[in-house]
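Step one of this worksheet: look at the structure below.
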Amino acid sequence: MSQPITVPLLDLKAQYATIREEVRAAVDAVLDSQQCILGPVVSDCEAKLAQYCHTAHAITVSSGSDALLVSLMAEGIGPGDEVITTPYTFFATAGAVARLGAKPVFVDIEPKTFNINPAAIEARITSKTKAILPVHLYGQCADMDAIGDIAKRRGIPVVEDAAQAIGSEYKGRRAGSMGRYGCFSFFPSKNLGAAGDGGMVTTDDNAVADSLQVLRVHGMKPKYYHSHIGGNFRFDSLQAAIIAVKLKYLDRWTAGRQANAARYRRLFEAAGLSAQNGGQGVVQLPYEVPGNRHIYNQFVIRVPRRDALQAYLREQKIANEVYYPVPLHMQQCFAYLGHREGEFPESEKAAKETLALPIYAELSDQQAEWIVESIRSFFKK
Ligand SMILES: *Cc1c(COP(=O)(O)O)cnc(C)c1O
């Protein structure tokens, strides 16, 4: 050990090498058919995705951002409405709400899981609240029993932002199967990534599935008759063909990520760096809620001197990332919401302390050891 090794944050080339022939055959079949948008390849892929997510329907769309947008559109959300969500997420979550002229109403996170704190939701519900939009951040489900209870009691639909959480489970229930809508992304860095943009909405509700299908094609049904204003949220057949191939390997890749997470825990503990299990170390490892299936889209640690550690690791050629450095209530484009620093202290604290380490399935023992050793040398300095 101690030999510097370059580690990327994600190694999609290594993954592609294992499925190259299969993907190319699937892509060729689509090209030969010249049925390039929606069609049978997309429907077939949707049936497999719905089965995987334990839902009655999966409606593929143009991106994860559009999955959120079209779901909120299907709820008829617009100006004057409010949607409760977390400020500690990727921009698209609240961006979808704001694009429809509705107001994102933020609720702080639980520090252990980084997910929305259900205990703080109810106080923010008003007569204008039209949806609750929890995010299953980093691949672990939010506290869906507590959120579902509130939603049911107050008659408000839940839209799950499951963009980072395909296959993740909460007490045996799959991400995307617990709310009225489950929104997913096939952005290449997600656990199930396309060769470009893509996404989907899952639902158990037949009427919801129908309206999503219509909104996806400009609200058109039948052809050239538009009862609602939708958008072009269509999914490409090429992407569907690739997703259908990759879906077969998803559980294997997820197991690889989970094994890597377990290895990190062993290495951090052995190095005396872990703050878990009575350890006196400086590194807070990801908390797995008992009963959850965490799919580790990201392996996110919490550390002191985060920015310095990030710079040090980059010098060591170890890629890492901060998800996310600026909570959404502090984003310039949301200044009109009138939030101030200190309003969502747990989100602000997380934004200053968290760091995502490489967790992709192909990460080797040697690479993982080198990462932990580098973190140890940083904190010894
Ligand atoms: C990736 C992501 C999205 C957006 O998905 P795109 O496919 O990139 O549009 C939305 N929400 C969260 C939490 C995400 O991580």
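The values are calculated or read from the model by the stated rules, or taken from the named source; none is laboratory data. Please read all numbers here as calculations on a predicted model, not as lab measurements. Cβ coordinates were reconstructed from backbone atoms using ideal geometry, including for glycine residues, and neighbour counts include every protein chain displayed. Keep in mind that these areas ignore ligands, DNA and RNA; they rest on the heavy atoms of the full protein, side chains included. Shrake-Rupley method; radii C 1.70, N 1.55, O 1.52, S 1.80 Å.
Data overview
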{"item": "Among S364, S63, S168: highest mean-square fluctuation, GNM of the chain, C-alpha pairs under 10 Å", "result": "S364"}
{"item": "Rounded to the nearest 20 debye, dipole of region 200-243 from Cβ charges on Lys, Arg, Asp, Glu", "result": "240 debye"}
{"item": "Cα convex hull of region 135-220, projected area averaged across orientations, nm²", "result": "6.2 nm²"}
{"item": "Around F379: net Lys/Arg minus Asp/Glu count, Cβ-Cβ under 13 Å", "result": "+4"}
{"item": "Residue (of H226, A26, P304) at the positive-pole extreme of the chain, dipole from beta-carbon charges", "result": "P304"}
{"item": "Choice from V135, V105, V159 with maximal GNM fluctuation in the chain (Cα, 10 Å cutoff)", "result": "V105"}
{"item": "Simple spin-label estimate for N232 and V289 in nanometres, 7 Å along Cα-Cβ", "result": "3.9 nm"}
{"item": "Extent along principal axes [Cα atoms of region 250-380; Å; largest to smallest]", "result": "48, 37, 31"}
{"item": "Cα centre as origin, Lys/Arg/Asp/Glu Cβ charges: the chain dipole, Debye", "result": "340 debye"}
{"item": "Heavy atoms of C36: accessible area, 1.4 Å probe, square angstrom to 10", "result": "50 Å²"}
{"item": "For the chain, built as a Gaussian network whose Cα springs stay under 10 Å, the top-fluctuating residue of R153, R24, R124", "result": "R153"}
{"item": "Region 1-66 pair-distance distribution - Cα-Cα, 5 Å bins, rounded %", "result": "3, 12, 13, 16, 20, 16, 6, 4, 4, 4, 1"}
{"item": "The chain - convex hull of alpha carbons, volume per residue in Å³", "result": "139 Å³"}
{"item": "Fraction of beta bridges assigned by DSSP in the chain that are antiparallel (%, nearest 5)", "result": "60 percent"}
{"item": "Convex hull of Cα atoms in region 341-381, direction-averaged projection (nm²)", "result": "4.3 nm²"}
{"item": "Between region 271-305 and region 323-372, the alpha-carbon center distance in angstrom", "result": "14 Å"}
{"item": "Extension gain from Y225 to A259, taking 0.36 nm per residue of separation minus the Cα-Cα distance", "result": "7.1 nm"}
{"item": "Proximal charge balance of Q35 [Cβ under 12 Å; K/R count +1, D/E count -1]", "result": "-3"}
{"item": "Equivalent ellipsoid semi-axes - Cα gyration tensor, region 154-286, angstrom", "result": "39, 18, 12"}
{"item": "Over region 189-248, volume per residue of the alpha carbon convex hull, in Å³", "result": "108 Å³"}
{"item": "Label zone at R154, where the point sits 7 Å out along the Cα-to-Cβ direction: region 50-82 residues whose backbone N lies under 11 Å", "result": "82"}
{"item": "Local net charge near R173, Cβ-Cβ under 13 Å (Lys/Arg +1, Asp/Glu -1)", "result": "-2"}
{"item": "Computed helical MRE - 222 nm, the chain, DSSP H runs ≥ 4 contributing -39500 (n - 2.57), nearest 500", "result": "-12000 deg cm²/dmol"}
